[in-house]
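Structure first, commentary second.
The values are calculated or read from the model by the stated rules, or taken from the named source; none is laboratory data. Everything quoted here is computed from the prediction, not taken from an experiment. In this analysis, Cβ positions are derived from the backbone assuming ideal geometry, glycine residues included, and neighbour counts consider all displayed protein chains.
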Ligand code: GLA
C-alpha cells in the first residue's frame with residue numbers, strides 16, 4: 001500500500017504527554033493529550049463535539065471519544081504495544097442545516113493506510129472501525145475533507161480506544177515537517193530601498209507611505225520631486241500629506257546611513273486608482289479566527305515593525321471577523337448591542353475604541369484594515385453591514401481605516417428573499433448570488449460606492465470566493481482585489497489546489513485589480529489554535545513564490561509573535577517580493593508542463609520575465625529544459641536565482657538544454673533578462689549555455 005499522501009512530510013517525534021490509565025488493557029484516546037492534533041478549524045475536543053455538545057452521529061449519542069475537524073490529524077506513539085484500535089466514526093449532527101459536512105476517516109499504521117471509512121456525509125450512521133495493530137509503532141488518525149471543501153466537517157472519532165498488550169500509557173506526537181533551509185541572504189547593513197516603485201492615491205485623501213528601507217539605523221531619508229502637499233519625515237521615512245490635484249509625479253527616494261546611501265525612482269500617481277501594486281500585510285483570521293482582540297492586533301503591528309518586515313514593504317494590519325458583537329454567542333466579550341439607537345455599528349468589548357486602534361497602527365507607520373459582510377451577519381455570525389452600508393463606510397473612514405474585506409456569507413439569505421431579521425438567515429449560505437450576476441454584484445456595488453464617497457482611500461477586498469467569475473466585474477463595483485477561491489486551509493492539498501486553479505482569472509489582474517487566492521499559510525497558523533504550518537520547507541518556498549508570481553495580495557496569516565528565522569527569511573526576500581510588486585501588474589500563468597513540473601511565467605516592467613519551475617509531483621524532478629519558445633524567449637539571456645539573489649549565468653534559447661533539479665513540491669524561481677547584443681557582435685557565434693543552478697542545501 002502507498003503511504004498516505006497527507007503524511008509524506010517527515011514526522012518529528014516529540015513525546016508530548018502521557019495518557020491516563022483506565023485499565024491495563026484499554027487506553028481511551030479521549031484521555032490523551034489532544035493538543036497535538038492538527039485540524040483546519042478549532043481544537044480537538046475530548047468527550048464532546050467541536051461545539052461542546054454531546055457527541056452525536058445520526059441521532060446516536062456517545063459518552064466517549066473525541067471530535068476533530070477536516071482536515072484533521074492525530075498521531076499516537078505505540079511502539080508495537082497495541083493490539084487493536086477501534087472507534088465509531090461519523091459527522092456530528094450539530095452541523096445539520098449547514099453546507100458541507102462530508103469527510104473521510106482514515107487510519108494509518110507506520111504511514112500505511114490500514115482502514116478507511118469511505119466518504120461519509122452528515123446523517124450517515126456511525127461506521128465501526130476495527131483495526132489490528134500488532135507491531136505498529138505509530139498510529140495516525142486522519143480526517144480528510146471528503147474531496148469537496150472543509151466547511152462544517154465536524155468529525156467524531158466516538159468511542160476511540162486502543163487495546164494494549166499490557167501498556168498503560170501512550171503519548172501523542174507533535175508533527176514537524178522537514179528541515180528548513182534559508183536561501184535569502186541577509187540584507188546589507190548599508191541602505192537598500194525596497195518595496196513598490198509606484199503608489200496610487202486619490203486627490204484629497206490623506207497620504208501615508210513609509211519608505212521601506214533595510215540597513216543599519218540610524219538612517220536619514222529624503223526625497224526629491226515630491227509634489228506640493230507631500231513631505232517626507234527625515235527620521236521615519238514616512239511620506240505624508242495630501243495632494244489636491246491629479247497627476248503623475250516622478251520622485252527620487254533617498255536613504256543614508258553611516259555605511260552608505262541608496263536611491264530609488266518612485267512614481268506617485270494621483271487619480272482614481274489605488275492599490276497599484278498588490279497590498280502586503282497581515283490578517284488575523286488564519287491564526288486567531290474568533291479569538292482576535294485589539295491587544296493581539298496591536299502586538300501583531302508592533303512585531304511587524306520590530307522584526308523589520310516593515311522595511312520590506314509589509315504595510316497593512318487587517319482585523320478580520322469578530323471585532324463586532326455576535327448574533328448569539330454566550331461569550332461575554334461578544335455579547336452586546338450590535339448597533340446603537342442611531343444604527344452605528346458597535347465594536348465588541350475586546351476592541352472598544354476603534355479610532356484609538358487605528359491611530360496606534362498609523363503611529364507605527366502602518367495601515368489598518370477591517371472586515372464586514374453585506375449580509376446582516378458575517379461568516380462567523382457577528383454583525384454585518386446589511387442596511388447600514390453608507391453608515392458603516394463612514395464609520396470606517398472616521399476611525400481611520402484603510403482597507404475593507406467584505407464577505408458574502410449571510411447575504412445568501414437576503415439573495416434568497418429572507419428578511420434580514422429572520423432568524424433563519426444562515427451565516428454561511430451562497431443563495432442565488434451563485435447563479436444570478438445582478439444579485440451577486442449588487443451588494444458589492446453598494447459598498448463600493450459608499451467607500452468611494454469617503455474622504456480617504458480604502459482598499460476594497462471582495463470576499464465571495466470567486467462566485468459569478470468576480471474577476472470579470474470586480475473592478476466595475478470598485479473592488480481592488482477579489483478572492484478567486486474558497487478558504488485556504490493549512491494543507492498542501494488546499495494550497496496546491498488553489499494555485500492550480502488561478503490561470504482563468506489571470507488576464508484580469510492589473511494595477512489596482514488583483515486576484516486573491518487567499519492568505520499565506522506560513523508560520524504558526526491554525527484558526528484559533530496556531531501550530532507550525534504543515535507545509536514542508538519546499539512547499540513553503542513554492543507557496544510564497546507562486547503568490548508572488550500571481551501578483552496576489554500578500555497577507556501573512558500567522559501568529560506574528562511566533563515568527564521563526566525561516567519564516568522570516570521567506571517573507572523578507574526583496575527580489576522575490578519585487579516580482580509580486582512589479583508595477584506592470586501582470587499575473588503569471590502556466591506556459592508549459594513537463595511531467596509534474598509546471599512552468600509559470602510573469603512578464604515584468606523592465607522587459608524581463610520571472611519564471612517558476614514548480615514541481616507538483618511526489619519525487620524530485622530532474623530535467624533538461626529546452627522549450628524556450630514556450631517562454632517566449634529567443635537569443636541570449638541572463639538568469640538570476642531570485643531566492644539566492646545570485647546571477648547564475650546565461651542561457652542561449654534554442655541551443656543547449658538547461659539542467660534543472662526541482663525538489664519535491666518545490667520551485668526554482670528565476671528572473672530571465674535579455675542580454676542586449678551590440679550590433680558588431682550580432683552575427684558572432686554565441687557561447688553555449690552555461691547556466692547551472694546551485695543545488696538545494
Ligand atoms: C470567510 C472568509 C475567511 C474569514 C471568515 C471569517 O470564511 O473566507 O477568510 O474572513 O469568513 O468568518
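Only one entry of 258, 289, 275 meets the criterion of being out of contact with any strand residue (DSSP E or B) (no Cβ under 9 Å at 6 or more places or on another chain) and at positive phi, and that entry is 289.
Checking the condition surrounded by 15 or more Cβ atoms within 10 Å (Cβ to Cβ) and either in the same structural domain as residue 575 (by TED's automatic domain parsing) or over 26 Å from residue 569 (Cβ atoms) (or both), which residue from 642, 633 passes? None of the other options fit; the residue is 633.
Within the range 419-434, the set of residues being away from the ligand (no atom under 16 Å from the Cβ) and touching a helix residue (DSSP H, G or I) at 6+ places or on another chain (Cβ under 8 Å) comprises 420, 422, 424, 432. Restricting 200, 195, 204 to residues that are modelled with pLDDT of 95 or more and assigned to a strand (DSSP E or B) narrows the list to 200. Restricting to the range 273-295, and then to whatever is in contact with a helix residue (DSSP H, G or I) (Cβ under 9 Å, 6 or more places away or on another chain) and farther than 21 Å from residue 490 by Cα, can you tell me which residue is farthest from the ligand (Cβ to nearest atom)? Among those residues, the one meeting the criterion is 277.
Taking the conditions exactly as written (modelled with pLDDT under 95 and in contact with a helix residue (DSSP H, G or I) (Cβ under 8 Å, 6 or more places away or on another chain)), does residue 517 satisfy them or not? No; evaluated as a whole, the condition is false for this residue.
A Cβ distance below 7 Å, combined with a sequence gap of six or more or placement on separate chains, defines the contacts here; from the range 415-429, residues that are under 22 Å from residue 468 (Cα atoms) reach no residue that is surrounded by fewer than 12 Cβ atoms within 10 Å (Cβ to Cβ) and modelled with pLDDT of 90 or more.
Of everything listed in (1) within 23 Å of residue 348 (Cβ to Cβ); (2) within 16 Å of the ligand (Cβ to nearest atom); (3) surrounded by fewer than 23 Cβ atoms within 10 Å (Cβ to Cβ), the single unmet condition for residue 388 is (2). If I filter the range 434-445 for residues that are surrounded by 24 or more Cβ atoms within 10 Å (Cβ to Cβ), closer than 20 Å to residue 278 by Cβ and within 24 Å of the chain's Cα centre (by Cα), do I get at least one hit? There is at least one residue in the range 434-445 that is surrounded by 24 or more Cβ atoms within 10 Å (Cβ to Cβ), closer than 20 Å to residue 278 by Cβ and within 24 Å of the chain's Cα centre (by Cα). Scanning the range 378-387 for residues that are out of contact with any strand residue (DSSP E or B) (no Cβ under 7 Å at 6 or more places or on another chain) and either over 19 Å from residue 285 (Cα atoms) or not in a loop (DSSP other than H, G, I, E, B) (or both) turns up 386, 387. Do we have residue 134 as part of a loop (DSSP other than H, G, I, E, B), over 26 Å from residue 527 (Cα atoms) and free of Cβ contacts under 8 Å to residues at least 60 places away in the same chain here? So residue 134 passes the test.
Note on the range 520-627: enclosed strands (runs of 3 or more DSSP E) holding 1 or more residues that are at pLDDT below 95 are 621-625. Only one residue in 355, 330 is surrounded by fewer than 24 Cβ atoms within 10 Å (Cβ to Cβ), more than 19 Å from the chain's Cα centre (by Cα) and at pLDDT below 95, so which one is that? Exactly one residue qualifies, and that residue is 330. If we keep just the residues of the range 610-629 that are surrounded by fewer than 21 Cβ atoms within 10 Å (Cβ to Cβ) and in contact (Cβ under 8 Å) with a residue 60 or more places away in the chain, which is farthest from residue 674 (Cα to Cα)? Ranking the candidates gives 618 first. Close contacts from the range 374-403, counting a first residue that is more than 16 Å from residue 418 (Cα to Cα) and a second that is within 14 Å of the ligand (Cβ to nearest atom) and part of a helix (DSSP H, G or I), with Cβ to Cβ under 8 Å and a gap of 6+ residues or different chains, come to 380/289; 380/290; 382/334. Annotation for the range 407-418: at least one member residue is buried (at least 24 other Cβ atoms within 10 Å of the Cβ), near the ligand (Cβ under 10 Å from one of its atoms) and assigned to a loop (DSSP other than H, G, I, E, B). The set of residues from the range 473-485 being more than 16 Å from the ligand (Cβ to nearest atom), assigned to a loop (DSSP other than H, G, I, E, B) and without any contact (Cβ under 8 Å) to a residue 60 or more places away in the chain comprises 473, 478. Taking the criterion of being within 16 Å of the ligand (Cβ to nearest atom) and within 19 Å of the chain's Cα centre (by Cα), the residues of the range 304-327 that qualify are 316, 317, 318, 319, 320, 321, 322.
Only one of the listed residues (248, 220) is closer than 22 Å to residue 279 by Cα and not assigned by TED's automatic domain parsing to the domain that holds residue 554. That residue is 248. Just one residue in the set 301, 258 is under 18 Å from the mean Cα position of the chain (by Cα), more than 16 Å from the ligand (Cβ to nearest atom) and touching a residue at least 24 places away in the same chain (Cβ under 8 Å); that residue is 301.
Selection of the range 444-464 for residues being under 17 Å from residue 414 (Cβ atoms) and within 16 Å of the ligand (Cβ to nearest atom) yields 444, 447, 462, 463, 464.
Looking at 114, 119, 74, just one residue is in contact with a strand residue (DSSP E or B) (Cβ under 7 Å, 6 or more places away or on another chain) and either crowded, with 23+ Cβ neighbours inside 10 Å or outside the structural domain of residue 132 (by TED's automatic domain parsing) (or both), and that residue is 74.
Counting only residues that are under 20 Å from residue 207 (Cα atoms) and within 27 Å of the chain's Cα centre (by Cα), the range 453-465 holds 6 of them. Might you let me know whether the range 359-366 holds any residue that is within 16 Å of the ligand (Cβ to nearest atom) and either crowded, with 20+ Cβ neighbours inside 10 Å or part of a loop (DSSP other than H, G, I, E, B) (or both)? Scanning the range 359-366, I find no residue that is within 16 Å of the ligand (Cβ to nearest atom) and either crowded, with 20+ Cβ neighbours inside 10 Å or part of a loop (DSSP other than H, G, I, E, B) (or both), so the answer is no.
Matching residues to (1) touching a residue at least 40 places away in the same chain (Cβ under 8 Å); (2) crowded, with 23+ Cβ neighbours inside 10 Å; (3) farther than 24 Å from residue 408 by Cβ; (4) within 16 Å of the ligand (Cβ to nearest atom):
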residue	(1), (2), (3), (4)
496	yes, no, yes, no
506	yes, no, no, no
516	yes, yes, no, yes
519	yes, yes, no, yes
530	yes, no, yes, yes
542	yes, yes, yes, no
545	yes, yes, yes, no
557	yes, yes, no, yes
565	yes, no, yes, no
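Among the residues of the range 486-503, is any in a helix (DSSP H, G or I), within 23 Å of residue 201 (Cα to Cα), at pLDDT 95 or above and in the same structural domain as residue 433 (by TED's automatic domain parsing)? The answer is no, given that none of the residues of the range 486-503 is in a helix (DSSP H, G or I), within 23 Å of residue 201 (Cα to Cα), at pLDDT 95 or above and in the same structural domain as residue 433 (by TED's automatic domain parsing).
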